[in-house]
1. Considering the stretch 1-19 alone, what residues qualify as being touching a helix residue (DSSP H, G or I) at 6+ places or on another chain (Cβ under 8 Å), under 26 Å from Ser72 (Cα atoms) and in a loop (DSSP other than H, G, I, E, B)?
2. For the stretch 58-68, enumerate the residues that are hydrophobic (A, V, I, L, M, F, W, C) and touching a residue at least 40 places away in the same chain (Cβ under 8 Å).
3. Could you grab the pairs with beta carbons closer than 8 Å, sequence gap of 6+ or different chains, first residue in the stretch 20-32 and free of Cβ contacts under 8 Å to residues at least 12 places away in the same chain and assigned to a helix (DSSP H, G or I), second one surrounded by 17 or more Cβ atoms within 10 Å (Cβ to Cβ) and of a type outside the set (S, T, N, Q)?
4. Quick check on the stretch 5-12. Is at least one of its residues within 22 Å of Gln91 (Cα to Cα), without any contact (Cβ under 8 Å) to a residue 40 or more places away in the chain and surrounded by fewer than 18 Cβ atoms within 10 Å (Cβ to Cβ)?
5. Across the stretch 35-64, what is the number of residues that are under 16 Å from Glu16 (Cα atoms), hydroxyl-bearing (Ser, Thr, Tyr) and not in a strand (DSSP E or B)?
6. Just a yes or no: is a residue in the stretch 140-150 of a type in the set (Val, Ile, Thr), more than 14 Å from the chain's Cα centre (by Cα) and within 21 Å of Gln34 (Cβ to Cβ)?
7. All but one of (1) more than 25 Å from Cys51 (Cα to Cα); (2) surrounded by 15 or more Cβ atoms within 10 Å (Cβ to Cβ); (3) modelled with pLDDT under 95 hold for Asn148; which doesn't?
8. Which one is surrounded by the most Cβ atoms within 10 Å (Cβ to Cβ) among residues in the stretch 96-126 that are assigned to a strand (DSSP E or B) and among the polar types (S, T, N, Q)?
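The values are calculated or read from the model by the stated rules, or taken from the named source; none is laboratory data. Every value quoted in this text rests on a predicted model; they were computed, and no experiment measured them. Note that we place each Cβ from the backbone using ideal geometry, even for glycine, and neighbour counts take in every protein chain shown.
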Amino acid sequence: MNELIEIDQMHASDWEDVRRIYLEGIKTGNATFQQDAPSWEEWDKSHLSQCRLVARSQGKVIGWAALSSTSSRCVYAGVAEMSIYVSPQHQGSGVGSRLINIFIEASEQHGFWTLQSGVFPENKASLELHRKFGFREVGRRERIGQMNGIWRDVLLLERRSKVVGIN
């Protein structure tokens, strides 16, 4: 695809498109343990206000990324869990790479020194994308949760900033 992709801030008005993409991810069975997308209010409460980005093509949201807190303890203020989703119609076209690249820059501008992500081992495209941008596997959480009666593992990935938190 040779389309112009813009990356900008996510707004509440983007929620229906963000939700649609989230539901598409849920439907694959390899993106999240969630079985349904929450309401905007629930999602808004569970995600940090910084670093909520969307990828747009011709004004339409085709991907998104956001952060969730990993701890309320102040010593972990620069550590957050990253979620990234790209519409299936745009996967493999470079949208995820553009989005994650700008997302990492934005997270560092907001003082985050560690991004982590939990990825199902079966989600090869997500693993490849994360690794391409410096995430490394730091562990495997075996049988961490059940989905549809089947125990699933999750790989814990982490990316340490080269510019934030360096003394």
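1. Met10, the sole residue that qualifies.
2. Of all residues in the stretch 58-68, those hydrophobic (A, V, I, L, M, F, W, C) come to 61-62, 64-67.
If the condition is that a residue be hydrophobic (A, V, I, L, M, F, W, C) and touching a residue at least 40 places away in the same chain (Cβ under 8 Å), then Val61, Ile62, Trp64, Ala66, Leu67 are the ones that fit.
3. Ile26/Ala37
4. Restricting attention to the stretch 5-12, the residues satisfying the condition of being within 22 Å of Gln91 (Cα to Cα) are 5-10.
This time we only want the ones that are without any contact (Cβ under 8 Å) to a residue 40 or more places away in the chain, so: none.
Looking for residues that are within 22 Å of Gln91 (Cα to Cα), without any contact (Cβ under 8 Å) to a residue 40 or more places away in the chain and surrounded by fewer than 18 Cβ atoms within 10 Å (Cβ to Cβ), one finds none in the stretch 5-12, hence no.
5. So the count comes out to 1.
6. First, pick out the residues of the stretch 140-150 that are of a type in the set (Val, Ile, Thr): 144, 150.
Among the residues that remain, those that are also more than 14 Å from the chain's Cα centre (by Cα) are: 144, 150.
Cutting the leftovers down to within 21 Å of Gln34 (Cβ to Cβ) gives us 144, 150.
Among the residues of the stretch 140-150, at least one is of a type in the set (Val, Ile, Thr), more than 14 Å from the chain's Cα centre (by Cα) and within 21 Å of Gln34 (Cβ to Cβ), which makes the answer yes.
7. Among (1) more than 25 Å from Cys51 (Cα to Cα); (2) surrounded by 15 or more Cβ atoms within 10 Å (Cβ to Cβ); (3) modelled with pLDDT under 95, Asn148 violates only (2).
8. Of the residues in the stretch 96-126, the ones assigned to a strand (DSSP E or B) are 114-119.
Still in the running and among the polar types (S, T, N, Q): 114, 116-117.
Details: Thr114: 17, Gln116: 17, Ser117: 21.
In this case the residue turns out to be Ser117.
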